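Dropping a structure here in structure tokens format, bear with me for questions.
The values are calculated or read from the model by the stated rules, or taken from the named source; none is laboratory data. Everything numeric here is computed off the predicted structure, so don't read it as measured data. With ideal geometry, Cβ positions are generated from the backbone for all residues, glycine too; neighbour counts draw on all protein chains shown.
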Amino acid sequence: MANKLATETSPYLLQHQSNPVDWYPWGEEALSLAREQNKPILLSIGYSACHWCHVMEHESFTNVGIAQLMNENFINIKVDREERPDLDQIYQNVALAMTQGGGWPLTVFLTPDLKPFYGGTYFPPEDKFGRPGFSKLLKALSEAFRNDRAGVLENSNRLSDFIADSEKVAFSIPLSLEVGKFPGKTDLQVLVEPLLENLDWVNGGFGGAPKFPNPMLLAFLWRFGSLADLTKAQDAAVFSLTRMASGGIYDHLGGGFHRYTVDATWSVPHFEKMLYDNALLLKLYAEVLLEVHLETKGAPTASPSESEKDLYLKVLEETAGYVMREMTAPNGGFYASQDADSEGEEGKFFVWGPSDLAQEVVAKRLTETEAKVFQLRYGVSEQGNFEHGKTVLYVATHIAHIAKLSALSEAQVLSALESAKSKLLAIREERVKPGLDNKILTGWNGLMISGMLWAAQALKQNGKIEIAKKIEVAAIRAFEFIRKNLLSTATANEVGRLFSSFQAGKGKGNGFLDDYAFMAMAALDISRFALDSKTSQKYLTYCNQWISAVLTHFKDPQAPGYYFTSDDHEALIQKPKSIFDQAIPNGTAVALSCLQALAALDFQGNRSKYELEVDGQLSQLFKAAERNAYGLGELLSVYLLKIVGPATVSGPDAGLLCLHPYVFQQPVTSVSSGPVSLGGDSGKFIICHEKTCSLPIASLDHAVHLLNETLRF
């Protein structure tokens, strides 16, 4: 018999509807029941694509004996972290306090007044991996709640204080928004140097296993290197991007990046694909390509080699193609994620063995040459690099060496390889696919809209016009879907407010800070690249609308940083606020970037108001950045924007010049004469920087040169 999750819309919650556990969704029914029965709450937080969430469900939540222990002693609440990131942000600190690590599934035990008294992540059914068995834990905690209530309450108060103190430690700055001293190039370079020292110069990226992309920190290094002419910082970003694009974290057949790798070498991934990872990496690969493109117009050529540029273009084209093919709903919105598992096995959909290729040769769906070239290029071997002798594809052999081994020309190798990939992708489509989480999340869609737009510009500037147009259309279509379906009706006193997700045909949940900040940036990016002023103005209006909502509903009047939840959100044991990046950029940092752009554009006369807001925030937050640069890549990029100052461009075709994240289009009343190619002439441009504007510039090349000169320390 189905439990209380059967009427929910979240794919993750619906995965648990047939468990013998009496699951409730988070809500007043479950919370009231805990108070009325004076029972502790077992709060389980996860998401649809989470492998270890599936493991814990299979081992424990479908186990009748364990379910009985849960049902008799606890009110059991299941939460989709993508629906309720506020709850996840609050209670993740419990796992951090008790295990020095967080993650999912998150398992937290609460008193009826929602204070945590114990928590962790995955628990096996019996003692294993140095973790207590879940059965044993359930018995011990339920007994403690009955017989040692004073001890439980003491622990809950201590953990609640820890959660509150975690935020104070993160900020640990005066509760004031007075404008103070701003950092300069030297202050930022002090933070850059240890980042470069700690980069993995063998494999790229930061840290060991498991290894995550961390695009916010890589973007900061790339931008700082560009602005400060620090080649090593640019090299750090490029080296990492190249290693990722060559490794198993990238899906070489279907495009797109997996969440992370279980090793330090980007070889074997945890196979789920998240919308946000692909959005952020699309933007970063595109940004590197676009800056190289601009710099070749008058400044020294930046870091990537010609082969790396080709690799990055392929990543953009294939990843955007994957998003349009597999992650786009018929209504235009972007889906949340794809699972790691299919047919009960992690990664089964993605891996190959020599016998798989041989089978396709026998079936005459692949030629022997195609199979050989594919096998050499992507390291498909008898021993494999994954379970059951299968191989996670990675770039194993250079094209020139394959040509030598195969007695083919390089052109023939490339042709055979592309043919093999196309055929094998179609063959892979016949396999049982991993599960799809078809929620449409507002903030994640904002990230992907930006990522797709940046990818389109990079492809366009490198001659791939047709695919670039398709990508732009997909991005604008997603934006319009969000605007039409996830924005409440405006009232006499306020413009419409954002919902956080779209499920079962309607918007759901109050918008969070990230929803407003990421959609504001998406609108700013559409405005930035628009080829006519009317369009640019239209989307700047949306950007301003959502940033105004941040200032109205999320601002802390006493301290820097914006709250994650709005002033009319459900009351919880804490109002979460953070300035640190997680898997996605920090919402406060993204909002501050938008504010700086709107101030530079003096949009709707808000220059002074927005400048004051930015100055008050940034003058205080740098103290936190000095203590922990690793978690503040997005905020550090905001300081770069502040130091070099946003540049604005006006004139027909101004969008063609806005190919750097610190350059924005200033809408004017003139009508665009239509797109032109970089290198030709267009109408007159005016470039403004730090409240000083250039004389009209007739040549696009000259305008690019001036921007190159402007965007330096």
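Could you pull out the residue among Phe374, Phe350 that is surrounded by 22 or more Cβ atoms within 10 Å (Cβ to Cβ) and part of a loop (DSSP other than H, G, I, E, B)?
Phe350
Filter the stretch 143-163 for residues that are touching a Lys or Arg at 6+ places or on another chain (Cβ under 9 Å) and modelled with pLDDT of 95 or more and give the result.
Answer for the stretch 143-163, where residues must be touching a Lys or Arg at 6+ places or on another chain (Cβ under 9 Å) and modelled with pLDDT of 95 or more: just Phe145.
Note down all Cβ pairs under 7 Å where the first residue falls in the stretch 626-641 and is in a loop (DSSP other than H, G, I, E, B), the second is acidic (Asp, Glu), and they're at least six residues apart or on different chains.
Leu632/Asp581
I would also like to ask the following. Of all residues in the stretch 677-699, which are touching a helix residue (DSSP H, G or I) at 6+ places or on another chain (Cβ under 7 Å) and at pLDDT below 90?
Leu678, Gly679, Gly680, Asp681, Ser682
Could you tell me which residue of the stretch 513-538 is surrounded by the most Cβ atoms within 10 Å (Cβ to Cβ), considering only residues that are basic (Lys, Arg) and over 22 Å from Ser488 (Cβ atoms)?
Arg528
Has the stretch 587-596 got at least one residue that is out of contact with any Lys or Arg (no Cβ under 6 Å at 6 or more places or on another chain), closer than 30 Å to Leu31 by Cα and either in a loop (DSSP other than H, G, I, E, B) or not assigned by TED's automatic domain parsing to the domain that holds Glu28 (or both)?
yes
Determine the pairs where a residue that is within 18 Å of Gln582 (Cβ to Cβ), located within the stretch 92-110, has a partner that is in a loop (DSSP other than H, G, I, E, B) and among the basic types (Lys, Arg) with Cβ atoms under 8 Å apart, the partner being 6 or more residues away or on another chain.
Trp104/Arg81; Leu106/Arg81
Residues checked against (1) more than 30 Å from Gln375 (Cα to Cα); (2) more than 26 Å from the chain's Cα centre (by Cα):
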site	(1), (2)
Ala396	no, yes
Lys404	no, yes
Asn438	yes, no
Gly451	yes, no
Leu459	no, no
Lys464	no, no
Val473	yes, no
Arg477	yes, no
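Also: With the condition kept exactly as written, say whether any residue in the stretch 9-28 is touching a residue at least 24 places away in the same chain (Cβ under 8 Å), over 34 Å from the mean Cα position of the chain (by Cα) and buried (at least 18 other Cβ atoms within 10 Å of the Cβ).
The answer is no; no qualifying residue exists.
Looking at Val262, Val268, which one is surrounded by fewer than 22 Cβ atoms within 10 Å (Cβ to Cβ) and either out of contact with any helix residue (DSSP H, G or I) (no Cβ under 9 Å at 6 or more places or on another chain) or modelled with pLDDT under 90 (or both)?
Unique residue meeting the criteria: Val262.
Which is farther than 20 Å from Leu153 by Cα and of a type in the set (Lys, Arg), of Arg35, Arg84?
Arg84
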